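Let me begin by presenting the structure, written as structure tokens, before commenting on it.
The values are calculated or read from the model by the stated rules, or taken from the named source; none is laboratory data. Treat the numbers as computed from the prediction; the structure is a model and nothing was measured. Cβ coordinates were reconstructed from backbone atoms using ideal geometry, including for glycine residues, and neighbour counts include every protein chain displayed.
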Amino acid sequence: MLRFGTINRIVIALFCLLLITNYWLAVPVYLYGIIAFIWFTLTVFGSFFIQWNYHLTSHHKNKKIEENKVAITFDDGPHPEFTPQVLELLEKYNAKATFFCIGKEIKEHQAIVSTILEKGHTIGNHTYSHTRNFGFLSTEKVKQELEQTNALVKAIFNKSMRLYRPAFGVTNPRIKQAVQDTNLTSIGWSVRSLDTTKRSKNMVVRRITKNLKKGDIILLHDTSAKSVAVLEQLLLFLQQKKMQSIPVNELLDIVAYE
Ligand SMILES: [Zn+2]
């Protein structure tokens, strides 16, 4: 896949080549513009499409897994109303999941996080504030967000989290640096449910189950009644297909805590 560093080197090399060529032949200015435009477009798309691994390498699936297993992941909780419903459903269908929690929500709903852990699910870092400006924060600010959530979980639950789910799936060089400095592992997804959009429950379920394969990581949110309804349909589907949901660290065979 394309990488930010590689693209930068190619663009610099092309600019140098054009400047050298310009010594003998007049190079039209628009050629520089076209190269700059391609660089800009790739960099913007690379920031939003986490699967490109353009800025930061994330785990998106386990292609090599032999067992019929997937990992359901939930972002943006814990939610006082919907996370307990999610936990009940997971228990009913004997499934395990991963919850990427927002620090300020952990602080508010500690008992729910305790239950998540008691039930054998995994938790990961999903920033402290989940601010809409996350993609524009400085490296220091991103680090603060990640460290604050990790420190909170360490203080309350005595766990040093190692997994990070990028807020809004956004990555850039500053987020990459902060993730590296805090020794976190970035977890993406291979199946984006789009459960927070206006799509109906049935459309979301279809979108998830259409091409679901062993080793997939599914992105859901434990923040709405629709997502809870989607989860029940998904768990029924997995049961029919004899597929099992396990924590993402087990699917990827990596550690969730230090
Ligand atoms: Zn989020």
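Below are the figures for this structure:
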| item | result |
| --- | --- |
| Residues that are of a type outside the set (Asp, Glu) and closer than 16 Å to Phe100 by Cα, drawn from region 207-227 | Ile217, Ile218, Leu219, Leu220, His221, Thr223, Ser224, Ser227 |
| Residues satisfying the stated conditions in region 75-101, i.e. at positive phi and within 16 Å of the ligand (Cβ to nearest atom) | Asp76 |
| Any pair with Cβ under 7 angstrom, 6 or more apart, that starts in region 245-258 at a residue that is over 13 Å from Ile123 (Cα atoms) and in a loop (DSSP other than H, G, I, E, B) and ends at one that is modelled with pLDDT of 95 or more and hydroxyl-bearing (Ser, Thr, Tyr) | Ile254/Thr185 |
| Qualifying residue in region 147-164 (condition: modelled with pLDDT of 95 or more, of a type outside the set (Lys, Arg) and within 13 Å of the chain's Cα centre (by Cα)) | yes |
| In region 63-86, residue nearest to Phe4 (Cα to Cα) [restricted to those that are of a type outside the set (Asp, Glu) and out of contact with any strand residue (DSSP E or B) (no Cβ under 8 Å at 6 or more places or on another chain)] | Lys63 |
| Filter pass, Gln180 being free of Cβ contacts under 8 Å to residues at least 24 places away in the same chain and not in a loop (DSSP other than H, G, I, E, B) | yes |
| Scope region 211-248; condition in contact with a strand residue (DSSP E or B) (Cβ under 7 Å, 6 or more places away or on another chain) and within 16 Å of the ligand (Cβ to nearest atom); matching residues | Ile217, Ile218, Leu219, Leu220, His221, Asp222, Ser227, Val248 |
| Hey, Thr185 among the β-branched types (Val, Ile, Thr), modelled with pLDDT of 95 or more, closer than 17 Å to Thr122 by Cα and away from the ligand (no atom under 16 Å from the Cβ) or not | yes |
| Members of region 106-143 found to be more than 16 Å from the ligand (Cβ to nearest atom), surrounded by 18 or more Cβ atoms within 10 Å (Cβ to Cβ) and within 14 Å of Asn172 (Cβ to Cβ), listed by number | Lys143 |
| Residue within region 127-137 that is within 18 Å of the chain's Cα centre (by Cα) and farther than 24 Å from Ser224 by Cβ present | yes |
| Test set (1) touching a Gly at 6+ places or on another chain (Cβ under 7 Å); (2) crowded, with 18+ Cβ neighbours inside 10 Å - Asp195 fails condition number | (1) |
| Tally, over region 183-229, of residues that are basic (Lys, Arg), in contact with an Asp or Glu (Cβ under 8 Å, 6 or more places away or on another chain) and part of a helix (DSSP H, G or I) | 1 |
| Which listed residue, of Thr73, Thr115, Thr83, is hydroxyl-bearing (Ser, Thr, Tyr), closer than 27 Å to Gln177 by Cα and assigned by TED's automatic domain parsing to the domain that holds Ile246 | Thr73 |
| Condition check for Thr171: in contact with a strand residue (DSSP E or B) (Cβ under 8 Å, 6 or more places away or on another chain), touching a residue at least 40 places away in the same chain (Cβ under 8 Å), more than 30 Å from Lys92 (Cβ to Cβ) and of a type outside the set (Asp, Glu) | yes |
